[in-house]
1. Would you mind working out the magnitude of the charge dipole of segment 186-317 relative to its Cα centre, with +1 at each Lys and Arg C-beta and -1 at each Asp and Glu C-beta, to the nearest 20 Debye?
2. Relative to the Cα centre, what is the charge dipole magnitude of the chain, using +1 at the beta carbon of each Lys and Arg, -1 at the beta carbon of each Asp and Glu, and rounding to the nearest 20 debye?
3. Which order do Thr9, Thr36 take when ranked by solvent-accessible area (1.4 Å probe, heavy atoms of all protein chains), largest first?
4. Calculate the translational D of segment 71-196 in whole µm² s⁻¹ from Stokes-Einstein, where the hydrodynamic radius comes from the Kirkwood formula applied to all Cα pairs, the temperature is 20 °C and the viscosity 1.002 mPa s.
5. Round to a whole angstrom and tell me the spacing of the C-alpha centers of segment 192-218 and segment 144-170.
6. Pairs of Cα atoms under 8 Å, at least six residues apart: use those to get the relative contact order of the chain, whole percent.
7. How would Arg217, Arg176 rank on accessible area, largest to smallest, probe 1.4 Å?
8. Sort out for me the Cα centre separation of segment 9-62 from segment 249-289, rounded to whole Å.
Amino acid sequence: MKTIKIGNTNFEASAIALGIMRMDQLSDQDAAKVLTTAKDAGITYIDSADIYGSGASEKKFAAAMKVAGLNREDFYIQSKGGIVLDPARSHDGLVFGKRYDFSKEHILSAVDGILERLHVDYLDSFLLHRPDPLMDLDEVAEAFDELQTAGKVRHFGVSNFNPQQVEMLQSAVNQRLMINQLQFGLMHTGAIDAGMHVNMQDDDSINHDGGMLEYSRRKNMTVQAWSPFQYGMFAGVFVDNPKFPELNKAMQTVADKHGVTKNAIATAWILRHPANIQVILGTMNPQHLVESAAGADVELSKQEWYDLYLAAGHILP
Ligand SMILES: NC(=O)c1ccc[n+]([C@@H]2O[C@H](COP(=O)([O-])OP(=O)(O)OC[C@H]3O[C@@H](n4cnc5c(N)ncnc54)[C@H](OP(=O)(O)O)[C@@H]3O)[C@@H](O)[C@H]2O)c1
């Protein structure tokens with residue numbers, strides 16, 4: 001398994017991480033099977049969030065670690081907080097918030113809740129889940145200091161932030177922000193489209209994230225690609241989806257050439273970008289997991305990368 005360095009930490013982590021957002025749906029035994037499959041495939045990084053499964057995913061992870069006989073040190077464990085759940089809007093495994101809350105009180109209690117549910121003493125990293133427009137920078141700074149001093153969190157980062165928001169928060173906190181988690185994949189390419197349509201009048205020229213990929217490369221900040229197999233926001237999977245015949249045909253062609261499956265190609269496409277992106281897989285199916293993780297060992301040619309981009313319906317000016 002290819003590894004990457006997380007930010008400027010000494011974490012040499014697998015280029016593919018396992019996200020446990022959907023783990024609450026599994027039995028303890030099935031969840032244990034997912035974790036052992038991930039470990040055997042070389043995955044050393046787990047991503048979570050306090051709200052996943054309204055907290056049930058983290059509890060399931062703890063139970064599954066026990067069933068699988070795995071140790072805390074087998075994985076870097078990351079979680080996220082800063083969203084206050086709205087039970088009234090959450091349904092069918094999808095969770096929604098009623099506000100974002102970066103108050104010191106909320107951040108501290110969020111991390112305590114995460115540690116309790118995961119049955120761990122510390123997190124390797126903690127990310128603020130979505131930017132809170134009402135964030136008080138000094139409160140975040142105090143919260144991060146307390147968490148670090150107490151040994152509860154080793155490293156910090158953000159999720160769904162643009163570069164200005166990172167700069168603003170970085171100016172207030174004492175810890176270097178190491179990670180930004182963003183949606184990125186063959187069917188969610190806003191982070192690169194605008195860079196290829198500079199100064200044009202079409203929709204692709206709209207810069208949706210303030211140049212986050214370029215910023216991250218300059219700052220040595222790790223970008224983690226969430227929902228790498230989804231189109232839209234959880235609209236569905238594009239692999240094997242008849243809505244995307246051209247893309248699936250192109251993925252199959254490249255997959256045949258490399259002797260892997262389309263799942264591996266969807267992953268390899270993200271990893272081919274030179275920003276050292278870490279892919280966060282969300283599958284809870286061991287076979288999909290092994291196939292997708294195999295993408296870490298596939299090096300696409302530049303032409304293959306562009307062919308797939310175009311087959312996904314994107315335009316090269
Ligand atoms: N920071 C954020 O705002 C944010 C937001 C969302 C997610 N995340 C993180 O990103 C992780 C991944 O998100 P995600 O679960 O949406 O990612 P994903 O890997 O794009 O999607 C996973 C879903 O796709 C299905 N799937 C994958 N490959 C498939 C295939 N070949 N054929 C059919 N179905 C397939 C899976 O079903 P099977 O289980 O049956 O394979 C699962 O339902 C989450 O666990 C979470 O850690 C972060």
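The values are calculated or read from the model by the stated rules, or taken from the named source; none is laboratory data. Everything numeric in this text was worked out from a predicted model, so none of it was measured. Every residue, glycine as well, gets a Cβ built from its backbone with ideal geometry; the counts of neighbours run over all protein chains shown. With ligands, DNA and RNA removed, areas are computed over all heavy atoms of the protein, side chains included. Shrake-Rupley method; radii C 1.70, N 1.55, O 1.52, S 1.80 Å.
1. Charge dipole, segment 186-317, about its Cα centre: 260 debye, nearest 20.
2. 520 debye
3. Thr36, Thr9
4. Rounded to a whole number, D works out at 137 µm²/s.
5. 25 Å
6. 18 percent
7. The residues order as Arg217, Arg176, largest area first.
8. A separation of 19 Å, based on Cα centres.
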